[in-house]
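The values are calculated or read from the model by the stated rules, or taken from the named source; none is laboratory data. Being a predicted model, the structure only gives us computed values, none of them experimental. Neighbour counts are summed over all protein chains in view; Cβ atoms, including those assigned to glycine, are modelled from backbone coordinates with ideal geometry.
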Amino acid sequence: MKISAKQYARSLAEAAAGQNEAEQKIIVGRFLSLLKEQGKFNLAPQIAAELEKLVLAEQGIIKAEVQSANKLSEAALKDLSKLIKDKTGCQEVRLEAKVDADLLGGATLKYQDKIVNFSLKYFLSKMKQTLIK
């Protein structure tokens, strides 16, 4: 059975929950040793990213990324943050904005395990598929 980085992160979080800092360090050390023994140490960065998501989610915070063809205005970024808050019920959104020169127009939004594609390329592809049918 293949165990995902998300499953490893959940297991580590559950094992460390409610423990003091010294006990958490021991748990993390043993966890890393186990990963190394199982030849899964290469998953450590992905596990750390998943663990960060879990900790932030527990605090009501969601990390998100928007990639757009052009730099988005502060108003647009606020609107996207509000959209994510409304969809997820979180308290805070940490939105990272990036410009992607490969996009013709529009944007893509990634948060949690979701990708929302507002790109012009995506809409043109959908329109083409509709016209072909």
| Residue count for segment 37-50, restricted to those that are surrounded by 12 or more Cβ atoms within 10 Å (Cβ to Cβ) and part of a helix (DSSP H, G or I) | 8
| Subset of segment 94-116 (residues that are farther than 18 Å from E50 by Cβ and in contact with a Leu (Cβ under 8 Å, 6 or more places away or on another chain)) | L95, A97, L103, L104, G105, G106, A107, L109, V116
| query | Conditions: (1) charged (D, E, K, R); (2) at pLDDT below 90; (3) under 17 Å from A5 (Cβ atoms). E50 meets all but one. Number of the miss? | reply | (2)
| task | Hey, can you tell me all the residues within segment 84-133 that are assigned to a loop (DSSP other than H, G, I, E, B) and not charged (D, E, K, R)? | result | G89, C90, Q91, A101, L103, L104, G105, G106, Q112, F118, S119
| task | Scan K2, K71, K85 and give me the residue that is of a type in the set (K, R) and under 16 Å from T108 (Cα atoms). | result | K71
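Let's see how each residue does on (1) of a type in the set (A, V, I, L, M); (2) at pLDDT 95 or above:
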| residue | (1), (2) |
| --- | --- |
| S4 | no, no |
| A17 | yes, no |
| R30 | no, yes |
| Q46 | no, yes |
| request: Restricting attention to segment 54-96, report how many residues are of a type in the set (K, R) and touching a residue at least 40 places away in the same chain (Cβ under 8 Å). | output: 1
| remark: Flagged in segment 51-71 as surrounded by fewer than 19 Cβ atoms within 10 Å (Cβ to Cβ) and either assigned to a helix (DSSP H, G or I) or among the small types (G, A, S) (or both), in numbering order, are E52, K53, L54, V55, L56, A57, E58, G60, A69
